[in-house]
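Every read-out reported here was derived from the displayed coordinates using simple, explicitly stated rules and does not represent laboratory data. In this text the structure is predicted, and so the values were computed from the model without any measurement. Please note: Cβ atoms are built from the backbone with ideal geometry, for glycine as well, and neighbour counts cover all protein chains shown.
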Amino acid sequence: MATPDTVLITQRVVTEAVRAAFGGGFDTTVGGWVPAHADLNWANMSGPESCLFDWEDWGDAPLGLDSASLWGSSLAVPAPAVRVRQQRRGDLESRDGQLMTLFAFSKFAGVDAHPEDPRVEPARREAARIVSEPRAR
């Protein structure tokens, strides 16, 4: 199992993080688990040759965790955020991808969000959209 932020990811951890940040009233059940890096962000990537670093958290995680984490780390800069969203659309629009978006965003856009973090408002708007969709309930 993956350990994002050194915490073993479980159904309970996902449910508690998402509900604490964005409330209840919608289904937080994970549908499928797949291998994941579990700490995918720009600091753990290099270029121009594509290489991923920092694999100590890898393991099985809900589908969409890596895509949601990378998208969340991109929200402060619109162009990369749009590109990640477009290229990872399949993961992010899946039921588990939406749940993992809420999970990833809960880490920086929840009740204890830093008011000057430029990712907070776009993350909260996206979270509100996801929570209001019928398939999230």
Simple spin-label estimate for Val77 and Asp117 in nanometres, 7 Å along Cα-Cβ: 1.9
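To one decimal place, what orientation-averaged projected area in nm² is obtained for the convex hull of the Cα set of the chain?
Mean projected area for the chain: 7.8 nm², to one decimal.
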Positive-end residue of Ala123, Ser74, Pro4, charge dipole of the chain with Cβ unit charges: Ala123
Cα-centre dipole for the chain with unit charges at Cβ (Lys and Arg positive, Asp and Glu negative), debye to 20: 640
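Counting other C-beta atoms within 10 Å, which of Glu56, Glu121, Glu116 has the fewest, and how do the rest follow?
By the 10 Å Cβ count, ascending, the order reads Glu116, Glu56, Glu121.
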Net charge contributed by nearby residues that have their C-beta within less than 14 Å of Asp39 (K/R +1, D/E -1): -4
Selected from Pro122, Pro78, Pro62 as most flexible by GNM, with the chain as the system and alpha-carbon contacts under 10 Å: Pro78
Between the range 80-111 and the range 31-50, the Cα center-to-center distance that results, in Å: 13
For the chain, built as a Gaussian network whose Cα springs stay under 10 Å, the top-fluctuating residue of Val84, Val111, Val30: Val111
Highest-fluctuation residue, Ser74, Ser106, Ser46 considered, GNM on the chain with Cα pairs under 10 Å: Ser46
Virtual paramagnetic centre 7 Å along Cα→Cβ of Asp60, amide N under 18 Å, in the range 96-133: 96-97, 100
Backbone N within the range 64-90 under 19 Å of label point (7 Å from Thr29 Cα along the Cβ vector): 64
Ranked list, fewest to most other Cβ atoms within 10 Å of each Cβ, for Thr10, Thr28, Thr3: Thr10, Thr3, Thr28
Kyte-Doolittle mean at least 0.0 and Cα axial length at least 20 Å: DSSP H helices in the chain: 95-109
Helix-only mean residue ellipticity at 222 nm for the chain, each DSSP H run of n ≥ 4 adding -39500 (n - 2.57), per residue, nearest 500: -14500 deg cm²/dmol
Gained length - Met1 relative to Ala20, 0.36 nm times residue gap less alpha-carbon distance: 4.6 nm
Average Cα contact separation per residue, the chain, under 8 Å, 6 or more apart, as relative contact order %: 27
Likely footprinting exposure, His37, His114, fewest C-beta neighbours within 10 Å first: His114, His37
Where the Cα pairs of the range 11-82 fall when distances are cut into 5 Å bins, in %: 3, 14, 19, 23, 20, 14, 5, 2, 0
